[in-house]
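Heads up, the thing below is written out as structure tokens.
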Amino acid sequence: MNKKPGSSKLAANKLVKNIRRKTRQTYSAEEKIRIVLAGLRGEESISALCRREGIAESLYYSWSKEFLEAGKRRLSGDTARQATSPEVKDLRSESLALKECVADLTLENRLLKKSMTGHGDYEE
């Protein structure tokens, strides 16, 4: 056999890593808020809450920090917010459509100017 002794172990580790990545649970904003609020209520310990929800304590604390910072910014009058992924996609597609429209109108305008002057040059 010409395989290295550690190559099958490396392949197995890669496979496990890919499976974990694909089966990793994603939480919606509502679920994150629910979990953070449950922790802030203090009815159970953070470690018990995290065990029940199946998340790491460090993840809970990062969500909690983001939640509290966002609330602080909002209460201080900062109403700007980051766009969500679907909003960004919609804005990009709208921008592309508008750019195409401007390109078409510019081309049409140039053609009209050329036809008005009677030769290839047009005057502005």
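Dipole size in debye (nearest 20) for the chain around its Cα centre, Lys and Arg Cβ +1, Asp and Glu Cβ -1?
Working: 25 positive and 18 negative charges, 277 e Å.
My answer is approximately 1340 debye.
DSSP loop (so not H, G, I, E, B), at most 16 other Cβ within 10 Å: list which trypsin sites (Lys or Arg not before Pro) in region 15-45 pass both filters. Write out the running numbers ahead of the final one.
On the way: sites: Lys17, Arg20, Arg21, Lys22, Arg24, Lys32, Arg34, Arg41; in loops: Arg24.
Taking region 15-45 and a limit of 16 other Cβ atoms within 10 Å, the loop trypsin sites (Lys or Arg not before Pro) found are Arg24.
Which one, Ser7, Ala38, Cys50, is farthest towards the positive end of the dipole of the chain when Lys and Arg carry +1 and Asp and Glu -1 on their Cβ?
Towards the positive end, the residue furthest out is Ser7.
Under the rule of -39500 (n - 2.57) per DSSP H run of 4 or more residues, summed and divided by the residues of the chain, what mean residue ellipticity at 222 nm is obtained, to the nearest 500 deg cm²/dmol?
Values: 5 runs with 90 residues, N = 124.
Rounded to the nearest 500, the figure is -24500 deg cm²/dmol.
Place +1 on the Cβ of every Lys and Arg and -1 on the Cβ of every Asp and Glu in the chain, take the dipole about the Cα centre, and give the residue among Gln82, Thr26, Ala70 whose Cα lies farthest towards its positive end.
After comparing all options, I get Thr26.
Of the listed values (1) 81, 66, 17; (2) 61, 27, 21; (3) 51, 29, 22, identify the label whose number matches Cα extents along the principal axes in Å calculated from this model.
Checked against the structure: label (1).
How would you classify region 45-96 from its alpha-carbon gyration tensor, with a ≥ b ≥ c the square roots of the eigenvalues: rounded for a/c under 1.5, else prolate if a/b is greater than b/c, otherwise oblate? Before the final figure, lay out the partial values.
Values: a/c = 5.27, a/b = 1.75, b/c = 3.01.
Oblate.
If you bin the C-alpha pair distances of region 82-124 every 5 Å from 0, what whole percents do you get?
5, 22, 15, 13, 10, 9, 9, 7, 6, 4, 0
A short reminder: the numbers here are calculations on the coordinates, not readings from a lab. On a predicted model such as this, the values are computed, not experimentally measured, just so you know. Using ideal geometry, Cβ is built from the backbone for each residue, glycine included, and neighbour counts are taken over all protein chains shown.
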